[in-house]
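Here's the structure, in C-alpha coordinates; my notes come after.
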Amino acid sequence: MFKQMHFVFLFFIFLAGKSNAQNYIITQPKLEIEGSQVLIFYDIITKNESDKFYIWIEVKKSDGEKINATALSGDVGADIKAGNSKKIIWHPEQDSVFLNENIFVNVKAEKYIKSFNKGSMVLKSAIFPGWGQTKISQGKPWWLLGVAVYGTMAGGYLYHKEYHKSYESYKNEDDPLIRADLLEQSEKQLNISKSMIYSAAAVWALNVVWVALIPDRYQPLQQMKLSIKSSQDLHNGGMLLSLSFDF
(Lines give C-alpha, C1' and ligand atoms only; values in the text may rest on other atoms or scores of the structure.)
Protein backbone atom coordinates (compact mmCIF):
# COMPACT_ATOMS: atom_id res chain seq x y z
CA MET A 1 0.00 0.00 0.00
CA PHE A 2 1.14 3.59 -0.58
CA LYS A 3 1.61 6.02 2.26
CA GLN A 4 0.54 9.65 2.17
CA MET A 5 3.60 11.56 1.01
CA HIS A 6 4.77 15.16 0.88
CA PHE A 7 7.11 16.41 -1.81
CA VAL A 8 10.27 18.36 -1.16
CA PHE A 9 11.92 19.98 -4.18
CA LEU A 10 15.69 20.01 -3.70
CA PHE A 11 16.64 22.19 -6.64
CA PHE A 12 15.59 23.06 -10.15
CA ILE A 13 17.83 23.92 -13.03
CA PHE A 14 16.45 25.33 -16.24
CA LEU A 15 18.83 25.02 -19.14
CA ALA A 16 18.41 24.94 -22.87
CA GLY A 17 19.38 21.94 -24.90
CA LYS A 18 22.85 20.94 -25.94
CA SER A 19 22.91 23.03 -29.13
CA ASN A 20 20.87 25.46 -31.16
CA ALA A 21 19.36 22.50 -32.98
CA GLN A 22 18.12 21.16 -29.64
CA ASN A 23 16.98 24.38 -27.99
CA TYR A 24 14.28 23.44 -25.53
CA ILE A 25 13.50 23.53 -21.83
CA ILE A 26 11.94 20.98 -19.48
CA THR A 27 10.13 22.95 -16.80
CA GLN A 28 9.98 22.23 -13.10
CA PRO A 29 8.57 18.72 -12.77
CA LYS A 30 5.82 17.80 -10.34
CA LEU A 31 5.50 14.37 -8.82
CA GLU A 32 2.30 13.06 -7.23
CA ILE A 33 0.89 9.85 -5.81
CA GLU A 34 -2.70 9.06 -6.74
CA GLY A 35 -3.91 5.79 -5.33
CA SER A 36 -1.57 3.14 -6.67
CA GLN A 37 -0.26 5.36 -9.45
CA VAL A 38 2.82 7.54 -9.63
CA LEU A 39 2.15 10.67 -11.68
CA ILE A 40 4.90 12.80 -13.17
CA PHE A 41 3.94 16.16 -14.65
CA TYR A 42 6.22 18.27 -16.81
CA ASP A 43 6.18 20.85 -19.62
CA ILE A 44 8.33 20.96 -22.75
CA ILE A 45 8.94 24.52 -23.92
CA THR A 46 10.41 25.08 -27.38
CA LYS A 47 10.29 27.79 -30.02
CA ASN A 48 8.75 25.42 -32.57
CA GLU A 49 5.50 23.87 -31.38
CA SER A 50 5.86 21.09 -33.97
CA ASP A 51 9.01 19.73 -32.27
CA LYS A 52 8.72 16.13 -31.16
CA PHE A 53 10.52 14.24 -28.42
CA TYR A 54 11.22 10.72 -27.29
CA ILE A 55 10.43 10.40 -23.59
CA TRP A 56 11.39 7.46 -21.41
CA ILE A 57 12.02 6.70 -17.76
CA GLU A 58 14.57 4.71 -15.84
CA VAL A 59 13.83 3.49 -12.33
CA LYS A 60 16.48 2.27 -9.89
CA LYS A 61 16.57 1.12 -6.30
CA SER A 62 18.83 2.88 -3.85
CA ASP A 63 21.49 0.19 -4.35
CA GLY A 64 21.57 0.86 -8.08
CA GLU A 65 19.51 -2.16 -9.14
CA LYS A 66 17.33 -1.32 -12.11
CA ILE A 67 13.58 -1.76 -12.01
CA ASN A 68 11.92 -2.69 -15.28
CA ALA A 69 9.16 -0.07 -15.37
CA THR A 70 6.92 -1.07 -18.25
CA ALA A 71 3.44 -0.28 -16.91
CA LEU A 72 3.54 3.24 -18.32
CA SER A 73 1.03 5.43 -20.08
CA GLY A 74 0.53 9.06 -20.95
CA ASP A 75 3.17 11.31 -22.46
CA VAL A 76 5.94 8.76 -22.70
CA GLY A 77 7.54 7.00 -25.64
CA ALA A 78 7.83 8.18 -29.23
CA ASP A 79 6.46 11.29 -30.92
CA ILE A 80 5.66 13.34 -27.83
CA LYS A 81 4.92 16.88 -28.94
CA ALA A 82 6.14 19.97 -27.15
CA GLY A 83 3.66 21.67 -24.89
CA ASN A 84 2.32 22.01 -21.38
CA SER A 85 0.75 19.65 -18.85
CA LYS A 86 2.56 16.52 -19.97
CA LYS A 87 1.89 13.55 -17.71
CA ILE A 88 3.48 10.15 -17.28
CA ILE A 89 1.54 7.53 -15.33
CA TRP A 90 3.40 4.62 -13.79
CA HIS A 91 1.63 1.66 -12.14
CA PRO A 92 4.35 0.15 -9.92
CA GLU A 93 2.19 -2.72 -8.68
CA GLN A 94 1.68 -3.94 -12.25
CA ASP A 95 5.46 -4.20 -12.51
CA SER A 96 5.54 -6.05 -9.17
CA VAL A 97 7.19 -3.06 -7.55
CA PHE A 98 6.18 -2.01 -4.06
CA LEU A 99 7.57 1.21 -2.65
CA ASN A 100 9.01 -0.15 0.55
CA GLU A 101 12.49 1.22 -0.09
CA ASN A 102 14.11 4.24 -1.66
CA ILE A 103 13.79 4.37 -5.45
CA PHE A 104 15.06 6.77 -8.08
CA VAL A 105 12.98 7.69 -11.10
CA ASN A 106 14.85 9.16 -14.04
CA VAL A 107 12.66 10.79 -16.71
CA LYS A 108 14.62 11.41 -19.90
CA ALA A 109 13.90 13.40 -23.02
CA GLU A 110 15.54 13.54 -26.42
CA LYS A 111 14.46 15.83 -29.22
CA TYR A 112 13.92 14.43 -32.68
CA ILE A 113 16.17 16.29 -35.12
CA LYS A 114 14.91 16.54 -38.69
CA SER A 115 17.33 15.07 -41.19
CA PHE A 116 16.52 17.78 -43.71
CA ASN A 117 14.95 21.22 -43.95
CA LYS A 118 11.88 20.78 -46.13
CA GLY A 119 11.68 24.45 -47.10
CA SER A 120 15.26 24.37 -48.32
CA MET A 121 14.68 21.14 -50.23
CA VAL A 122 11.58 22.56 -51.93
CA LEU A 123 13.56 25.63 -52.96
CA LYS A 124 16.34 23.47 -54.37
CA SER A 125 13.85 21.46 -56.43
CA ALA A 126 12.24 24.69 -57.62
CA ILE A 127 15.65 25.78 -58.93
CA PHE A 128 16.72 22.43 -60.35
CA PRO A 129 14.29 19.47 -60.43
CA GLY A 130 15.59 16.48 -58.49
CA TRP A 131 18.09 18.50 -56.45
CA GLY A 132 15.92 18.33 -53.35
CA GLN A 133 15.45 14.56 -53.62
CA THR A 134 19.18 14.10 -54.17
CA LYS A 135 19.90 15.93 -50.91
CA ILE A 136 17.17 14.09 -49.01
CA SER A 137 18.33 10.67 -50.25
CA GLN A 138 21.96 11.60 -49.51
CA GLY A 139 23.31 11.38 -53.01
CA LYS A 140 20.96 9.28 -55.12
CA PRO A 141 20.97 10.59 -58.72
CA TRP A 142 17.60 12.31 -58.70
CA TRP A 143 19.43 15.28 -60.27
CA LEU A 144 19.18 13.38 -63.58
CA LEU A 145 15.53 14.43 -63.55
CA GLY A 146 16.68 18.04 -63.64
CA VAL A 147 18.96 17.30 -66.60
CA ALA A 148 16.01 15.74 -68.45
CA VAL A 149 13.70 18.66 -67.61
CA TYR A 150 16.20 21.30 -68.64
CA GLY A 151 17.04 19.32 -71.77
CA THR A 152 13.37 19.09 -72.70
CA MET A 153 12.87 22.79 -72.09
CA ALA A 154 15.89 23.56 -74.27
CA GLY A 155 14.53 21.29 -76.99
CA GLY A 156 11.19 23.07 -76.83
CA TYR A 157 12.93 26.42 -77.13
CA LEU A 158 14.90 25.27 -80.19
CA TYR A 159 11.75 23.94 -81.86
CA HIS A 160 10.06 27.27 -81.14
CA LYS A 161 12.92 29.09 -82.91
CA GLU A 162 12.53 26.75 -85.89
CA TYR A 163 8.81 27.45 -85.88
CA HIS A 164 9.49 31.19 -86.20
CA LYS A 165 11.88 30.59 -89.08
CA SER A 166 9.40 28.37 -90.91
CA TYR A 167 6.56 30.81 -90.29
CA GLU A 168 8.60 33.76 -91.57
CA SER A 169 9.49 31.74 -94.67
CA TYR A 170 5.81 30.93 -95.12
CA LYS A 171 4.87 34.62 -94.99
CA ASN A 172 7.57 35.56 -97.51
CA GLU A 173 6.91 32.69 -99.93
CA ASP A 174 4.79 33.32 -103.04
CA ASP A 175 4.43 29.76 -104.30
CA PRO A 176 1.10 28.38 -102.90
CA LEU A 177 2.38 24.78 -102.67
CA ILE A 178 5.55 25.75 -100.86
CA ARG A 179 3.57 28.09 -98.61
CA ALA A 180 1.24 25.23 -97.64
CA ASP A 181 4.23 22.98 -96.82
CA LEU A 182 5.91 25.71 -94.78
CA LEU A 183 2.71 26.42 -92.87
CA GLU A 184 2.22 22.74 -92.06
CA GLN A 185 5.87 22.45 -91.02
CA SER A 186 5.66 25.51 -88.78
CA GLU A 187 2.50 24.21 -87.10
CA LYS A 188 4.16 20.86 -86.36
CA GLN A 189 7.21 22.63 -84.94
CA LEU A 190 4.98 24.82 -82.78
CA ASN A 191 3.04 21.81 -81.49
CA ILE A 192 6.26 19.94 -80.67
CA SER A 193 7.64 23.03 -78.95
CA LYS A 194 4.53 23.46 -76.83
CA SER A 195 4.41 19.77 -75.98
CA MET A 196 8.04 19.72 -74.81
CA ILE A 197 7.82 22.94 -72.81
CA TYR A 198 4.49 22.10 -71.18
CA SER A 199 5.63 18.57 -70.34
CA ALA A 200 8.85 19.82 -68.78
CA ALA A 201 6.97 22.47 -66.80
CA ALA A 202 4.47 19.88 -65.54
CA VAL A 203 7.25 17.52 -64.43
CA TRP A 204 9.03 20.44 -62.76
CA ALA A 205 5.92 21.48 -60.86
CA LEU A 206 5.11 17.89 -59.85
CA ASN A 207 8.64 17.47 -58.57
CA VAL A 208 8.28 20.49 -56.29
CA VAL A 209 4.95 19.16 -54.98
CA TRP A 210 6.52 15.73 -54.50
CA VAL A 211 9.28 17.17 -52.31
CA ALA A 212 6.76 19.23 -50.35
CA LEU A 213 4.75 16.07 -49.59
CA ILE A 214 7.72 13.98 -48.43
CA PRO A 215 7.13 13.21 -44.73
CA ASP A 216 9.56 14.66 -42.23
CA ARG A 217 12.40 12.32 -41.42
CA TYR A 218 14.47 12.38 -38.29
CA GLN A 219 18.03 11.55 -37.44
CA PRO A 220 18.59 8.40 -35.34
CA LEU A 221 18.14 9.05 -31.66
CA GLN A 222 21.42 9.54 -29.84
CA GLN A 223 19.83 9.34 -26.38
CA MET A 224 21.16 12.75 -25.49
CA LYS A 225 20.57 12.99 -21.79
CA LEU A 226 18.30 15.60 -20.33
CA SER A 227 16.72 13.98 -17.32
CA ILE A 228 14.37 14.69 -14.45
CA LYS A 229 15.27 12.61 -11.43
CA SER A 230 13.17 11.88 -8.39
CA SER A 231 13.69 9.63 -5.45
CA GLN A 232 11.38 8.33 -2.80
CA ASP A 233 12.66 8.98 0.71
CA LEU A 234 10.95 6.44 2.90
CA HIS A 235 12.96 7.30 5.96
CA ASN A 236 11.72 10.91 6.09
CA GLY A 237 8.32 10.23 4.56
CA GLY A 238 8.98 12.52 1.63
CA MET A 239 9.83 12.59 -2.03
CA LEU A 240 13.08 14.13 -3.22
CA LEU A 241 13.18 15.55 -6.72
CA SER A 242 15.92 16.97 -8.90
CA LEU A 243 16.57 17.88 -12.52
CA SER A 244 19.88 16.95 -14.10
CA PHE A 245 21.61 17.20 -17.45
CA ASP A 246 24.09 14.63 -18.75
CA PHE A 247 26.15 15.58 -21.81
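The values are calculated or read from the model by the stated rules, or taken from the named source; none is laboratory data. What you are looking at is a predicted structure, and each value in this text was computed from that prediction instead of being measured. Using ideal geometry, Cβ is built from the backbone for each residue, glycine included, and neighbour counts are taken over all protein chains shown.
Observations, loosely collected:
- Test: residue in the stretch 146-153 that is within 27 Å of the chain's Cα centre (by Cα), in the same structural domain as Ala201 (by TED's automatic domain parsing) and either among the aliphatic types (A, V, I, L, M) or modelled with pLDDT of 90 or more (or both): yes
- When the test is whether a residue is out of contact with any Cys (no Cβ under 6 Å at 6 or more places or on another chain), of a type in the set (S, T, N, Q) and modelled with pLDDT of 50 or more, Ser50 passes it.
- Selected residue (criterion: farthest from Pro215 (Cα to Cα)) from residues of the stretch 43-101 that are part of a loop (DSSP other than H, G, I, E, B) and small (Gly, Ala, Ser): Ser62
- Residue match in the stretch 118-132 (condition: loosely packed, with under 14 Cβ neighbours inside 10 Å, in contact with a Phe, Trp or Tyr (Cβ under 9 Å, 6 or more places away or on another chain) and charged (D, E, K, R)): no
- From the list Ser195, Ser137, Ser169, the lone residue that is farther than 30 Å from Ser120 by Cβ, surrounded by fewer than 18 Cβ atoms within 10 Å (Cβ to Cβ) and either basic (Lys, Arg) or under 44 Å from the mean Cα position of the chain (by Cα) (or both) is Ser195.
- The number of residues in the stretch 14-47 that are modelled with pLDDT of 80 or more and over 13 Å from Ala109 (Cβ atoms) comes to 8.
- Which listed residue is in contact (Cβ under 8 Å) with a residue 40 or more places away in the chain and either in a loop (DSSP other than H, G, I, E, B) or outside the structural domain of Asn23 (by TED's automatic domain parsing) (or both), from Val122, Val107: Val122
- Residue among Val59, Val38 that is in contact (Cβ under 8 Å) with a residue 60 or more places away in the chain, under 17 Å from Ser96 (Cβ atoms) and surrounded by 15 or more Cβ atoms within 10 Å (Cβ to Cβ): Val38
- For the stretch 140-153, a residue qualifies if it is among the β-branched types (Val, Ile, Thr) and surrounded by 14 or more Cβ atoms within 10 Å (Cβ to Cβ), and the qualifying residues are Val149, Thr152.
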